[in-house]
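Q: Here it is, the structure in full.
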């Protein structure tokens, strides 16, 4: 990617995402970015004071995109609180599968360690959204005997854990030939019943 007169900031972000996708977060540097797009070594500093600032900006964009994906999924699920929470879990995994670079940056330990106020606000807002969704599902009859925080952590861990597993880079592709989006849906359906009707059916067959 070579920079032509225009939006240098966006060009830097786009090339940074490409480097991370091709290699890793650790392989990224502002000097390499400048060299790759054909600008002076000091040019990136006009927009990002250091690598952490650049990664924060990528994480900001990732959280914004994920929020949009979650909102669309929940809206499509209708008014059933359990169906909405189920849809949120599925959308989380599918976002990670379709946007592995953003998902990697959003959850990278170094990025979280140096998160700025804006990124922390994004993270808090997203966690609060999921917590509210889990509470609504619980109040509708899902896991009513469990503490609300436990229900939130349980369902969140399932979605994030599955997303991490299915997007992880392995020397051999353990899931080669498998429809991972379908697998993601099945994982969430095991953890979070897809509707109150499905929950009722499960409760009726329990001994």
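Q: Out of 141, 161, report the one residue that is under 21 Å from residue 202 (Cβ atoms) and either part of a helix (DSSP H, G or I) or more than 11 Å from the chain's Cα centre (by Cα) (or both).
A: Numbers: 161 fails: under 21 Å from residue 202 (Cβ atoms).
After applying the criteria, what remains is 141.
Q: Can you tell me which condition residue 16 does not meet? The list is (1) assigned to a helix (DSSP H, G or I); (2) surrounded by fewer than 19 Cβ atoms within 10 Å (Cβ to Cβ); (3) not assigned by TED's automatic domain parsing to the domain that holds residue 101, and all the others hold.
A: Going through the list (1) assigned to a helix (DSSP H, G or I); (2) surrounded by fewer than 19 Cβ atoms within 10 Å (Cβ to Cβ); (3) not assigned by TED's automatic domain parsing to the domain that holds residue 101, residue 16 breaks only (2).
Q: Related question: Going through region 31-47 one residue at a time, which ones are in a helix (DSSP H, G or I) and either assigned by TED's automatic domain parsing to the domain that holds residue 97 or more than 21 Å from residue 100 (Cα to Cα) (or both)? Spell out how you get there, then give the answer.
A: So the first thing to find is which residues in region 31-47 are in a helix (DSSP H, G or I), and the list is 31-37, 43-46.
If the condition is that a residue be in a helix (DSSP H, G or I) and either assigned by TED's automatic domain parsing to the domain that holds residue 97 or more than 21 Å from residue 100 (Cα to Cα) (or both), then 31, 32, 34, 35, 36, 37, 43, 44, 45, 46 are the ones that fit.
The values are calculated or read from the model by the stated rules, or taken from the named source; none is laboratory data. Note that the structure is a prediction, hence the values are computed from the model and not measured. Note that each Cβ is placed from the backbone with ideal geometry, even for glycine, and that neighbours are counted across all protein chains shown.
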